[in-house]
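Visitor: Got a structure for you, written out below as structure tokens; questions coming shortly.
Readers should treat all values here as calculations from the given coordinates under stated rules, not as data from a laboratory. Predicted model, so just to flag it, every value in this text is computed and none were measured. Here the Cβ positions follow ideal geometry from the backbone for every residue, glycine too, while neighbour counts run over all protein chains shown.
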Amino acid sequence: MARFAADPARATAGGWWAEYEVFLKVKRAAAASATMQDYARRQGQAALSYAAKLYFAIPYEWGDCGMVVVARLTDRLDAFKGKGLTAYLGASDPRDGGAKYTPIQDPSISQLYVPELHLHFAKAFTIVDKGPATAFA
């Protein structure tokens, strides 16, 4: 079920992103939480991936958070910024257990959404770094 872990191009095509400061906060939380690390290990994923799933309410059904792409904006682009909402799912991945995902309630965590980013990514961004989430732990 590693849908995006091995494909940086597919990871960049998604419209949902986080600002670098938010990424660093999620990364620090993953490094500091033994519970996140233990659960991620039992699921065969990076603690950073699991922390992202919790902070951004991303069910396994939607993706594995296994790829990190760090990109620098090089051209103006419109985006929406806001708090994550509860994610409802169709229960197609058994790891989700049919539960809804509610993001960790942290007022400093926001998400960016860029509509139709797949049409503009190459023009608007320069990739700075990319790789599996395990490489960013």
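Visitor: Considering only segment 43-71, state which residues are free of Cβ contacts under 8 Å to residues at least 40 places away in the same chain, of a type outside the set (Gly, Ala, Ser) and farther than 20 Å from HIS118 by Cα.
Guide: So the first thing to find is which residues in segment 43-71 are free of Cβ contacts under 8 Å to residues at least 40 places away in the same chain, and the list is 44, 50-51, 61-62.
Of the ones still in play, those that are also of a type outside the set (Gly, Ala, Ser) are 50, 61-62.
Within segment 43-71, TYR50, GLU61 meet the criteria.
Visitor: Taking the conditions exactly as written (free of Cβ contacts under 8 Å to residues at least 60 places away in the same chain, touching a Pro at 6+ places or on another chain (Cβ under 6 Å) and acidic (Asp, Glu)), does ASP96 satisfy them or not? Spell out the reasoning first.
Guide: Details: free of Cβ contacts under 8 Å to residues at least 60 places away in the same chain: yes; touching a Pro at 6+ places or on another chain (Cβ under 6 Å): yes; acidic (Asp, Glu): yes.
Judged against the criteria, ASP96 is a match.
Visitor: Can you report the number of residues in segment 11-70 which are in contact with a Cys (Cβ under 7 Å, 6 or more places away or on another chain) and not polar (S, T, N, Q)?
Guide: If we filter segment 11-70 for residues that are in contact with a Cys (Cβ under 7 Å, 6 or more places away or on another chain), which is where we start, we get 49, 52-53, 58.
If we keep only those that are not polar (S, T, N, Q) as well, we get 52-53, 58.
Summing the residues that are in contact with a Cys (Cβ under 7 Å, 6 or more places away or on another chain) and not polar (S, T, N, Q) in segment 11-70 gives 3.
Visitor: Does segment 10-21 contain any residue that is closer than 20 Å to ASP129 by Cβ and more than 16 Å from the chain's Cα centre (by Cα)?
Guide: No: segment 10-21 contains no residue that is closer than 20 Å to ASP129 by Cβ and more than 16 Å from the chain's Cα centre (by Cα).
Visitor: List pairs: first in segment 72-87 and within 17 Å of GLU116 (Cβ to Cβ), second among the aromatic types (Phe, Trp, Tyr) and in a strand (DSSP E or B), Cβ under 9 Å, 6+ apart or cross-chain?
Guide: LEU73/PHE125; ASP75/PHE125; LEU77/PHE125; ALA79/TRP17; ALA79/TYR113; PHE80/TYR113; LYS81/TYR113
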